[in-house]
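Below is one structure, written out as structure tokens, with a few remarks after it.
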Amino acid sequence: MPITRQLIIECGAQSAHGELPSPDRYAVFGNPVAHSKSPRIHAAFARATGENLCYESRLAPLDGFVEAVRQFILEGEGCAKGANVTVPFKEDAFRLADELTPRARAAGAVNTLCFHEGRIWGDNTDGAGLARDIAGNLAFFAADRRILLLGAGGAARGVVESLLALSPAALVIANRGTDKAKALAAAFAGGALAPRGMGLAALAEEPAFDLVINATSASLAGEALPLPAGIFAAGSLAYDLMYDKGETPFLAQAREDGAARLADGLGMLVEQAAESFFLWRGKRPEAAVRAALMRQLRAT
Ligand code: ATR
């Protein structure tokens with residue numbers, strides 16, 4: 001099956017006289033991928049930091065992710081330096097990588113590839129992006145607070161390590177399927193704080209939480225989660241990894257259930273991109289650039 005180039009390539013730094021060397025090339029691979037904001041985000045980062053690069057989106061066939069990446073590297077003739085990976089290929093990317101960072105290993109998934117000296121490095125910047133959004137942009141300090149993570153699939157697994165690194169008083173992982181929540185908690189039991197896994201109904205027996213993160217795919221289907229009353233503590237933050245034009249179903253539910261602050265995943269999207277950009281270019285776009293970009297993305 002042919003690999004489709006989905007979008008016009010977005011370029012960063014431009015020379016008025018056209019004398020820049022060939023730009024380094026990056027891409028995001030997904031299926032679907034047309035909705036991806038990554039080309040826009042990385043083009044904005046490149047302009048802001050003066051980096052000479054192009055970033056495009058590529059639709060890979062569902063059974064052809066590895067071939068699509070290899071083709072991108074070949075076509076780049078040495079200029080292909082890295083890629084982002086989105087749904088449904090993060091586990092494929094994990095298997096494709098020759099080397100994995102510890103955080104990619106913990107996440108069991110890869111969202112950032114670096115092509116270096118013939119080898120493919122796999123990293124995962126999702127958890128770091130979430131932590132930066134919560135602690136930096138939202139100024140929510142999770143140390144010694146109680147965190148509830150809803151869901152036990154790939155998205156949840158990708159952020160557990162970063163949540164533990166915030167040094168909360170407790171991390172509870174609750175899922176519709178109890179066994180999956182317990183298994184995910186057990187996978188991260190080796191550190192200073194062991195997360196606890198349980199079913200959603202068992203949350204009724206728990207003290208309220210200061211930070212409640214939705215990592216289920218229920219919002220995608222427009223479904224409400226069967227959550228007991230009283231899970232949101234006074235002053236709590238509800239965070240949905242998903243983002244949407246309007247309020248997500250989870251955030252609407254959280255507002256009604258007493259969450260004091262609501263945030264969707266747009267900040268995490270921009271922050272995980274900034275983390276990927278830093279890996280590739282050694283430069284972090286300034287906070288003002290990231291904030292302006294979030295406002296623009298929100299408005300369009
Ligand atoms: P992702 O990669 O997005 O995490 P996934 O691995 O399929 O996708 O995981 C989806 C998560 O959303 C799971 O935790 C799933 O719960 P189950 O393990 O019990 O299936 C959760 N989920 C999806 N729809 C849900 C719903 N309507 N109510 C509650 N949880 C839901």
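Contact map, segment 176-191: first residue free of Cβ contacts under 8 Å to residues at least 40 places away in the same chain and in a helix (DSSP H, G or I), second residue within 8 Å of the ligand (Cβ to nearest atom) and open to solvent by less than 80 Å² (accessible area, probe 1.4 Å), Cβ cut-off under 7 Å, separation 6 or more or different chains; pairs are LYS180/ALA152; ALA181/ALA152; ALA181/ASN175; LEU184/ALA152; LEU184/ALA156. Within segment 137-154, being in contact (Cβ under 8 Å) with a residue 24 or more places away in the chain and away from the ligand (no atom under 16 Å from the Cβ) holds for ASN137, LEU138, PHE140, ALA142, ALA143, ASP144, ARG145, ARG146, ILE147. At least 1 residues being within 15 Å of the ligand (Cβ to nearest atom) is the threshold, and among the helices (runs of 4 or more DSSP H) wholly inside segment 193-300 those reaching it are 249-256, 266-281.
Scanning segment 72-94 for residues that are outside any loop (DSSP other than H, G, I, E, B) and in contact with a Gly (Cβ under 9 Å, 6 or more places away or on another chain), we see that the one that is surrounded by the fewest Cβ atoms within 10 Å (Cβ to Cβ) is GLU91.
From the list ALA260, ALA252, ALA234, the lone residue that is touching a Gly at 6+ places or on another chain (Cβ under 6 Å) and surrounded by fewer than 23 Cβ atoms within 10 Å (Cβ to Cβ) is ALA260. Within segment 217-230, is there a residue that is closer than 21 Å to GLY127 by Cβ, open to solvent by 50 Å² or more (accessible area, probe 1.4 Å) and among the polar types (S, T, N, Q)? Yes, segment 217-230 contains at least one residue that is closer than 21 Å to GLY127 by Cβ, open to solvent by 50 Å² or more (accessible area, probe 1.4 Å) and among the polar types (S, T, N, Q).
The values are calculated or read from the model by the stated rules, or taken from the named source; none is laboratory data. Computed from a predicted model, the values in this text were never measured in an experiment. Glycine gets a Cβ as well: all are built from the backbone with ideal geometry, and neighbour counts include every protein chain shown. The accessibility values were calculated without ligands, DNA or RNA, using every heavy atom of the protein model including side chains. Shrake-Rupley method; radii C 1.70, N 1.55, O 1.52, S 1.80 Å.
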